[in-house]
1. Name the single residue, out of those in region B:482-505 being open to solvent by 10 Å² or more (accessible area, probe 1.4 Å) and out of contact with any Ser or Thr (no Cβ under 8 Å at 6 or more places or on another chain), that is nearest to residue B:564 (Cα to Cα).
2. Can you pull out the residues in region A:122-145 that are within 10 Å of chain B (Cβ to nearest Cβ) and either more than 15 Å from residue A:161 (Cβ to Cβ) or surrounded by 21 or more Cβ atoms within 10 Å (Cβ to Cβ) (or both)?
3. Please find, within region A:1-51, the residue that is farthest from residue A:78 (Cα to Cα) out of those that are of a type in the set (Asp, Glu) and out of contact with any Lys or Arg (no Cβ under 7 Å at 6 or more places or on another chain).
4. Since residue B:660 meets every condition but one in (1) more than 12 Å from chain A (Cβ to nearest Cβ); (2) surrounded by fewer than 24 Cβ atoms within 10 Å (Cβ to Cβ); (3) within 19 Å of residue B:457 (Cα to Cα), which condition does it not meet?
5. Count, please, the residues in region B:697-721 that happen to be within 14 Å of chain A (Cβ to nearest Cβ) and surrounded by fewer than 24 Cβ atoms within 10 Å (Cβ to Cβ).
6. Of all the residues that make up region A:74-114, how many are among the β-branched types (Val, Ile, Thr) and either surrounded by fewer than 21 Cβ atoms within 10 Å (Cβ to Cβ) or without any contact (Cβ under 8 Å) to a residue 24 or more places away in the chain (or both)?
7. So which residues in region B:652-666 are more than 18 Å from residue B:693 (Cβ to Cβ) and in contact with a strand residue (DSSP E or B) (Cβ under 9 Å, 6 or more places away or on another chain)?
8. Return the pairs, sorted by first residue and then second, in which the second residue is open to solvent by less than 10 Å² (accessible area, probe 1.4 Å) and not in a strand (DSSP E or B), the first residue lies in region B:302-324 and is closer than 13 Å to residue B:180 by Cβ and without any contact (Cβ under 8 Å) to a residue 24 or more places away in the chain, the beta carbons are less than 9 Å apart, and the residues are 6+ apart or on different chains.
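The values are calculated or read from the model by the stated rules, or taken from the named source; none is laboratory data. Keep in mind it's a predicted model, so treat the numbers as computed, not measured. For neighbour counting, all protein chains shown are included, and Cβ atoms are generated from backbone atoms with ideal geometry for every residue, glycine included. Accessible surface is based on the protein model in full, side chains and every heavy atom, while ligands, DNA and RNA are left aside. Shrake-Rupley method; radii C 1.70, N 1.55, O 1.52, S 1.80 Å.
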Amino acid sequence: MNTPKPATELDVAFTVNGERVERRVPVRQNLADFLRDTLGLTGTHVGCEHGVCGACTLRCNGVIVRACLMLAVQADGADIVTIEGAATGNYDGAIVADLQREFHQRNALQCGFCTPAMLLTAAELVAARPQASREEIRAHLSGNYCRCTGYQSIVDAVESVCRSRSGT
Amino acid sequence: MSAPDRSGNTTIGAALPRTNALRLLSGRGQYVDDLNPPRCLHAAVLRSPYAHARIASLDVAAAAIAPGVVRVLTGRDVAAMCDPYVGVLKHVPGMQSAAQLPLAVDRACWQGEPVALVAATTRAEAEDALALIEIEWEELPVVTDAETALHPDTPVIHPELGGNLCFERVVTEGDVAAAFAQAAHVVEAEFITSRHTAATLEPRTILADFNAADGQLTVWHSTQVPYMMQWIIARHFRLAETQVRVIAPDVGGGFGMKIHIYGDEMAAVAASLLLGRPVKFVADRLESFVGDFHARGHRVRARMALSKDGDILGVEADDLYGIGPYSGYPRGSANEGLQVSNLVCAAYRRGAYRAVSRAVFQNKAMYGQYRAVGHPVACLVSEGLMDLAAAKLGIDPAEFRRRHYLSPESYPLKLAGGPVLEKLSQHEALETLLQMMDYAGLRTEQKKLRTQGIHRGIGLASFVENSNPSAATYGQGGVSIASQDSCTLKLTATGGVVAASSITECGQGGYAVIQQVVAAVCGVPFAQVKVVIGDTETTPVGGGVWGSRGTGICGEAALQAGKALKANILAFVARLQESEASLYDIRDGQVIRAQSGEEVMTLEAVARTAYFRTDQVPKDFQPELTVTRSYAQKTYNGAYTNGIQASYVEVDTETGFIKLLGHWVVDDCGTVINPLLVDEQIRGACVQGIGAALFEQCVYSPEGQLMNGSLMDYLVPMAGEMPDIEVGHTCTPTATSELGAKGAGEAGTAGASAAVLNATNDALGPFGGVVSEIPVTPERILRALGRLS
């Protein structure tokens, strides 16, 4: 019997930080590895590869996803934004820029390994619910593991941007 | 010593944002795994699935010819080029361990021990090839219970050692037997702290690149200690240190876990040496759980003798802990036990004292130093006893502590066991804390809510903590780890200063500390001080960061270098002006007249004259605008700090769940360089201690299998569970340096677990249940309440 051999590589085309990307990728490669190893976008970090730590969080078609739980081939046709794109200044009406400033001023990062993902996770909340309470901010960030800070300065920074954005 | 000359500059003590945080915020940090040099190979490591097993046969032939594979290394391959290591401290009497190699040769002694390494063109191909390695195992009996490890019928892991004991230490002072014989009251408990792990978000990572043409090995390493690694790699691979350069770029968390030698990393270095090309190894998360050093798995039986009036007559503690199958290298696995036996009730007039600490070998993951080494265990025991005693005597826990703190006249105080407490601020810390948290108000609230069936508890935990360690920690034990640090400053041609420091950085703020100290002391604008760290080729020799030493030791070296550079600049200007150096000062990058503030020369003009217009420099004068100064703690074994924490919790007596309502810390780290950094360091450290108190535990089966080795199963604290943590300070600068800074990085971890445990027990008080084991899981609470049997 002639069983067709499963494809080990596929062609994909998608947008990363506004740039068109066309590549042949191994079907088993996850999106985080593709972005890091093939495109050199090393701001997306890999902390657990099982979807718990949140360090690989990025934006796919407007929502945050775990890049370690998504295959690169699944990104075909998608609009991907990583920290490198979000950090360019005016992304999302400068929400990320505001967050970066507050994180810096309040030392809401130490080793920085969780930081790019933490910013993108926080930006989603600021955009959707700038009136979020402190408890809601803590809950929203609870998929992003930070081992260095006590989370408090991160919560302070996000709260500050929320307050300035919601006018409260 | 006199107060540091800060010349009206204010960057010491200023809450300045960190310069080197900006690139991290933009995703432009550079961690080791972000580097991919040309021809880089990727390593994957085969690990033992058994806790103890003999390798009956090993066949790597199929793996060696798998797609993408360049080389497979076995234990024998690496043994041929790497000298074995033994992790003992020579100044710990009787300490022993067995020789260890990077990859297991004949047998594996813990689940996860590295056995073989595959280097391939991609990590995926390397992992594919691992599956083709044929290995036959013969299981051996395991030692997994510390309590029975020393029994005569328990198998001995290393027969040549004659038993499973790594070391035993006894510390005594006074007549403990008499103290207990006279006691009107005795309180006692068995305290258990669970083995847990650092769980840095960035896993261990190494990239070694050996250039056979010039014999130079460059190693990019996620490490806290580049110089230690340089020495180790050179020594064990038989290279000259001048052949080895270790670079620690951005490091994604260390917490003491990245100061040890790991077989998989050493094997990656071996692969690069053999292949003459870059080889990278990144531990994945599952490998991290079984590969990283664990810590804190102690059982301490302790008791306290009290007089009728509530004086402490004596304290006794018996500490037992199970390490891995080998003592860690190169630092040994003794330090937890040394600190526990030193520090039980060390914050108090503890009367007669006897503490025994024993470490035993087990077939579990390697074990050793992790943030606040031993202190959280000593604190849990001490503060647990203090609360039991206060309850027995019917005295408020805060008042009971107040009565028993060391008296302010007793300093410097040498503790039995060796440590010297230079000067503590316990009474002031306690009063500050009680005020911050409104202790009286919370007690009233607690009482009122009891009547409504709401059970809240308040827990206090005083701690003393070593920092700025001297050579007593490692050097005296024959371990080649620097206890001195240095800073080299150079004035740039445009009047800035470049500081090369032996401090390293995992986010604590090492860069910022050096920048702020140098700016303050030299009178150079903060933004014009650039700091170079983490590279054995471009920084002076030093110990790196661990043991709360970075700010206190490296910061002092920077201060002394700053003073020297400033003196050299002023001597030069004075000579040019044909005047006296003492008449000048430097402020905001300008040399000024000290009296009038009148500007004399910019630092740029000074540098230009020295470097480009040597014709204007007097023939008999050579300005020295590059200086190096060093510092080591030599007065005591370390600069002991102190502090106190409080936790306020609510316990649901139906479910056993704990809600953290508040947490307060008062810490004394002497001179604070940057309060923004110190406070969040303390909070982060507290959260690690809270994690230990409530969640974290490496659960092993009796067969030595780690049962919860993933982030799905091993719980770490997330934002949602943590309370806001209020931080206050007392300030007792150490007189052993001019800067006066003591450690701050471990204080939070030292006391947090004890505060949470005491708060929980305070909540449980009316029910008569006591929990003395962490993590305090709902199950343990329900058992204490008698709701589960």
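1. B:492
2. The answer is A:135, A:137, A:138, A:139, A:140, A:141, A:142, A:143, A:144, A:145.
3. A:37
4. (1)
5. Total satisfying the criteria: 12.
6. Total meeting the criteria: 1.
7. B:653, B:666
8. Listed by first residue and then by second, the contacts come to nothing, as the list is empty.
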